[in-house]
Amino acid sequence: MSCVEQMKYTILLEKTSFREAREYIEKNSDEVYYVEPGYKIFKDYYIIGVPPVAMGARGKELLFTYVKPCYGAFVMAIDSEEEIERLREREREKIMASLKKGGLKDKAEPGPASFGDMWKK
Amino acid sequence: MTQGKKALLVMGCPEVPVQMSIVLYLSNKLSKAGYDVTAAGTDAAVKLLKVSDPESHYVQKTADLDQIISDVVEKKIDFDLCFVFMHSDAGMTYGATFSAISKARLFAVIFGKNAEELANTVDYPAEKIMAKATHNPNPLKIKVDKVVL
């Protein structure tokens, strides 16, 4: 039994498919972050899922998928500002890494001055 | 040469009878080919396995599924081959997880009455071994025998 089952949680969706669980999180969260399967939350729960695995923040609540072999996917919510902050920090690091690689360089270039300019390139 | 190589059998929910039969069959086949086999599953699946094979003739090592995932993610262990048994969306999801966390050559062993539909949802890198089998293991056994290890 993982630590998640011993915490104070709310089940928002139960015994569903992983796809539906992911869509629920995407539609019902204030912020959505994507992690890879195996992402660790709390003390010892490793996220089971089909990439991209959505995790949500809704106020203080962390929304995440929880999969049980015999029961399917669940969407659970647990109050955890710490885990939400960890997701935000991870996202900031990803953006910084992208900037260092020059990922946003192209986007920073000025756009065409007119519709005709679009075809000059 | 397979000596010293490791294989993992990931059992799904044990409610479909063919699973246990094929797990024992495949474990025996892999062991004879020189693989060190571990079968991982829920508490119920592991209990079914141990009662079916009380003297560990076919499966020498068993493990808790959550613990194996933890150990693979933390890079404490990995396998050369990984067979994920699935007859439901949850099983397919576990397959996707192993595809992401392990470097093993991955096989999706798909069975049950909705095997074809389920096989269509396996869009991650895995070799599919599929048969619409629930009670009779032979259609799945034939597919397993065609796998070149």
Which order results if B:Lys128, B:Lys146 are arranged by neighbouring Cβ count within 10 Å, fewest first? B:Lys146, B:Lys128
Are any of the pairs A:Lys43/A:Lys68; A:Lys15/B:Lys50; A:Lys101/B:Lys75; A:Lys8/B:Lys75; A:Lys40/A:Lys94; A:Lys40/B:Lys61 more than 20 Å apart by Cα-Cα distance, and if so, which? A:Lys15/B:Lys50; A:Lys101/B:Lys75; A:Lys8/B:Lys75; A:Lys40/B:Lys61
Cβ-based exposure ranking for B:Phe98, B:Phe83, in which fewest neighbours within 10 Å come first: B:Phe98, B:Phe83
Less than 15 Å from a label point 7 Å out along the Cα-to-Cβ axis of A:Gln6: which backbone N atoms in region A:37-79 qualify, by residue? A:42-46
Are there trypsin sites (Lys or Arg not before Pro) in region A:26-76 that DSSP marks as loop and that have at most 16 other Cβ atoms within 10 Å, and which are they? A:Lys43, A:Lys60
In nm, what is the difference between 0.36 nm times the number of residues separating B:Gln67 and B:Ala33 and their Cα-Cα distance? 9.6 nm
Taking the Cα atoms of the protein assembly as shown alone, what are Rg (to one decimal) and Dmax (as a whole number) in Å? 21.6, 79
In peptide B:97-104, how many Cβ atoms from other protein chains are near each Cβ within 10 Å, on average? 4
Residue order, fewest to most beta carbons within 10 Å, for B:Leu24, B:Leu30, B:Leu149, B:Leu9: B:Leu149, B:Leu24, B:Leu30, B:Leu9
If you count the DSSP beta bridges with both ends in the protein assembly as shown, what percent of them are antiparallel, to the nearest 5? 50 percent
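Since every read-out is calculated from the coordinates, none of them should be taken as a lab result. Quick caveat, the model's predicted, so the values are computed rather than measured. Please note: Cβ atoms are built from the backbone with ideal geometry, for glycine as well, and neighbour counts cover all protein chains shown.
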